[in-house]
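Written out below as structure tokens is the structure these notes cover.
The values are calculated or read from the model by the stated rules, or taken from the named source; none is laboratory data. Since we're looking at a predicted model, the values are computed, not measured. No Cβ is skipped: glycine too gets one built from the backbone with ideal geometry, and neighbour counts run over all protein chains shown.
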Amino acid sequence: MSLTEYGLQQAINALSIGSLYALMAIGLAMVFGILRLINFAHGDLMMVASYAALFMLLAGLPFWMVVILAVIVGALAGMLMERVAYRPIRGAPDVAMLLTSFAVTIILENGAVMLIGARSRPFPVPDFLRQVYHLGNLTVASVNVVAIISTAILLVALTLFVTRTDTGISMRAAADDMTAAQLMGIRINRVIAAAFAIGSGLAAVAGLLWTAKVGKVDPYMGFFPVLKAFVAAVIGGFGTIPGAVVGGFVLGILEISLQALLPGDWSSYRDAFVFGILIVVLLVRPNGIMGARVREEI
Amino acid sequence: MNTAANATTAFDWRRWAGAALPVLMILALPIFADHGASAYQHRVIVILGIDIMLVVSLNLFNGFTGVFSLGHVGFMALGAYASAILSMPVAHKAINLPDLPVWLAHVELSFLPATLVAGLFAMVVACIIGLAVLRLSGHYVAVATLSFLVIVRVVLINATPFTRGSRTFFGTPAYTNVWWVYAWVAVTIYLAWRMLRSPYGRAMLAQREDRVAARAVGVQVLRTRLGPFALSAFLTAVAGALWGHYILSFSPNAFYFTETFTIITMLVVGGMGSISGSVIGTILIVVLSEVLRNLEGGFDLGFMQVPPLYGLSQILMAVAFISVLVFRREGLLGYREIDFTRLFVRRGDPRNEREA
């Protein structure tokens, strides 16, 4: 395998994992931008959508319909979460909102344990997502190709949405200055609900792609991806959609390079390095690599 | 001011009674545990004491500096593993942890030194990460300390020669008893109270209330945060060590998100910023979760059998937690302390005036 091929192979891996992180980080960033809420329970939407998909597949629905319905279920779950848990506490200190989202995570994960069981269930991944292509020395899993392409399509759609539609523009206005947006007649509850719906729908897509990759569903599956999406969102500059996307891909590249560059016994410490880098980014560029270089003084 | 000075110089039985009452109330628990408590009650009392330590020391940092750490369970883990490794008999170490470096393989400390060294170890770690992390504020500290917790977990899982990785760590000497625990509870509460009432503690509260104003009168914010962070890391690690020497076999899973959430629930319910609130919140949550856990396994309603619902107690706890945040954000006590001297001092007595 030549060096170029090796680089290309790693680039594909980085892109595919990065696209999942980007999809997750967008939802976190949209909500944070408007509410200053770090929604820890965002990862559990992956779990909700994947279980929904599992049961619909077992019920015999065709795959394309299952995908659409699972995304809708995810979006509805996100809107419900906002209505029940986050609206009553809107405007509270940042940490109180963060802790509320922890509690929501506990409720969703234990709810899944209680209703479905703690053990993981195999997911019937359709054949076209299980293919592995060989192009010369390169190996490409079809699920990674699907991940990259669907993320690209969704990103284009999202960009059109936030720049061309009224709801999208109100969303950016609310993120910029919530009070001013309200004074301009923007219905803030509607905008927030839309942000949760879109972010959660994207999380549902990420959840399905993740499940297709690992082939199983369990109540805690969203826990680690959401931590990673945090890192991505922080690296990109919390609260902006382009930042979240860039952060997601940067994190993907970072992880793959750490994997490749760390010596043998150290590569299992990869995640420790990733979170160490997060702390460094917080210290040096709290507004992310895309944000202005402002330092919050203590 | 004068009356307060007089009250402390002259012997004042009322003040003494006020100070002694909470001590006696806490002392009642280990006495009961040793006389007449069932094995189950004994166990709950021990765990309760350890939880009180964890919550009071978390409060010492989170409540009094106003900066929110989500990583304290990491210190608890460091304490539990460090103390267990230091105190394990050399012969057991050769079998359980064969790959331990030589300088550790031949160490065998007794209980108190092992817990103290474990605590100091966590304290050093806290100083190092604190120097970096405590410069941040608000959200950022929460995210950074959560990252610390993840890093600790990754290290615990991968440092197999020391921790057996994700497999169960066993062979911890069974040193913890109810008296050790409650002695440490007393030390924890005393240290937290002393720190809070010292000039240093006043500076902590000042920068919590208004960072800019505090800096303007010469409070060095980083330094006033670092002290309580280090002390609370020490006490949290000691609590972890006590827990380890009581539970005996544990794995990295014990020191992660669920434990973090449990401790934070106790803290928030009791009221951040109040030591007595932390104690009361802990007692409340421990009792509540024990009751719920017993119901969780299924029970008989007389006319129907309720099936086991594992996870229900956690769910109800989280619902209670959200309700507290929504309806009574300052928790049960908020920033107030229960002051028992008031019980003994008549209304209108100048001694009843609380110190600011």
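General observations
- Condition met for B:Y175 (under 30 Å from B:I45 (Cα atoms), in contact with a Phe, Trp or Tyr (Cβ under 6 Å, 6 or more places away or on another chain) and more than 8 Å from chain A (Cβ to nearest Cβ)): yes
- Only one of the numbered conditions (1) touching a Phe, Trp or Tyr at 6+ places or on another chain (Cβ under 8 Å); (2) free of Cβ contacts under 8 Å to residues at least 40 places away in the same chain is not met by A:W266, and that is (1).
- Within the range B:297-321, tally of residues that are of a type in the set (A, V, I, L, M) and touching a Gly at 6+ places or on another chain (Cβ under 8 Å): 3
- Where a residue in the range A:136-155 is modelled with pLDDT under 90 and loosely packed, with under 15 Cβ neighbours inside 10 Å and its partner, wherever it lies, is assigned to a strand (DSSP E or B) and not aromatic (F, W, Y), with Cβ under 7 Å and at least six apart: A:T139/A:V132
- Scanning the range B:65-72 for residues that are of a type in the set (S, T, N, Q), within 14 Å of chain A (Cβ to nearest Cβ), within 26 Å of B:E337 (Cβ to Cβ) and part of a helix (DSSP H, G or I) turns up at least one hit.
- Filtered by the rule that a residue be hydroxyl-bearing (S, T, Y) and in contact with a Ser or Thr (Cβ under 7 Å, 6 or more places away or on another chain), the range B:273-316 gives B:S289, B:S313.
- Residues that are among the β-branched types (V, I, T) and over 22 Å from A:A272 (Cβ atoms) occur at least once in the range B:116-139.
- Comparison of B:G270, B:G334, B:G298 shows that the only residue that is more than 30 Å from B:F170 (Cβ to Cβ), crowded, with 22+ Cβ neighbours inside 10 Å and at pLDDT below 90 is B:G270.
- Single residue of A:L99, A:L69 found to be at the interface with chain B (Cβ under 8 Å from one of its Cβ atoms) and farther than 30 Å from A:Q9 by Cα: A:L99
- Residue within the range B:48-59 that is crowded, with 18+ Cβ neighbours inside 10 Å and among the charged types (D, E, K, R) present: yes
- Residues (within 14 Å of chain A (Cβ to nearest Cβ) and either modelled with pLDDT of 85 or more or farther than 20 Å from A:A103 by Cβ (or both)) located in the range B:282-294: B:I285, B:S289, B:L292
- Out of B:M76, B:M25, sole residue that is exposed (fewer than 15 other Cβ atoms within 10 Å of the Cβ) and either within 14 Å of chain A (Cβ to nearest Cβ) or within 30 Å of B:L333 (Cβ to Cβ) (or both): B:M25
- Condition met for B:G334 (of a type outside the set (V, I, T), within 14 Å of chain A (Cβ to nearest Cβ) and either free of Cβ contacts under 8 Å to residues at least 12 places away in the same chain or farther than 25 Å from B:T188 by Cβ (or both)): no
- Criterion (farther than 23 Å from A:S142 by Cα and at pLDDT below 90) met by exactly one of A:I34, A:I72: A:I34
- Filtered residue count, the range B:99-134, keeping only those that are under 18 Å from B:F169 (Cα atoms), exposed (fewer than 13 other Cβ atoms within 10 Å of the Cβ) and either without any contact (Cβ under 8 Å) to a residue 24 or more places away in the chain or of a type in the set (D, E, K, R) (or both): 1
- 3 or more residues within 12 Å of another protein chain (Cβ to nearest Cβ), more than 30 Å from B:A206 (Cα to Cα) and not acidic (D, E): qualifying helices (runs of 4 or more DSSP H) within the range A:187-298: A:223-236, A:270-284
- Some residue of the range B:180-191 being more than 14 Å from every other protein chain (Cβ to nearest Cβ), surrounded by 19 or more Cβ atoms within 10 Å (Cβ to Cβ), under 23 Å from B:S278 (Cβ atoms) and hydroxyl-bearing (S, T, Y): yes
- Restricted to helices (runs of 4 or more DSSP H) entirely inside the range A:62-179, those with at least 2 residues that are in contact with a strand residue (DSSP E or B) (Cβ under 9 Å, 6 or more places away or on another chain) are A:142-164.
- Selection from the range B:298-310 of residues that are without any contact (Cβ under 8 Å) to a residue 12 or more places away in the chain and within 14 Å of another protein chain (Cβ to nearest Cβ): B:G298, B:V306, B:P307
- None of A:D166, A:D176, A:D218 is surrounded by fewer than 24 Cβ atoms within 10 Å (Cβ to Cβ) and within 18 Å of the chain's Cα centre (by Cα) except A:D218.
- Matching residues in the range A:35-66 - criterion: being farther than 30 Å from B:R328 by Cβ and surrounded by 17 or more Cβ atoms within 10 Å (Cβ to Cβ): A:M46, A:M47, A:A49, A:S50, A:Y51, A:A52, A:A53, A:L54, A:M56, A:L57, A:V66
- Of all residues in the range B:135-162, those being surrounded by fewer than 22 Cβ atoms within 10 Å (Cβ to Cβ), β-branched (V, I, T) and more than 7 Å from every other protein chain (Cβ to nearest Cβ) number 2.
- Residue, nearest to the other protein chains (Cβ to nearest Cβ), within the range B:202-236, restricted to residues that are of a type in the set (D, E, K, R) and crowded, with 17+ Cβ neighbours inside 10 Å: B:R225
- Only listed residue being farther than 22 Å from A:A193 by Cβ and either crowded, with 22+ Cβ neighbours inside 10 Å or at the interface with chain B (Cβ under 8 Å from one of its Cβ atoms) (or both), chosen from A:A92, A:A118, A:A85: A:A118
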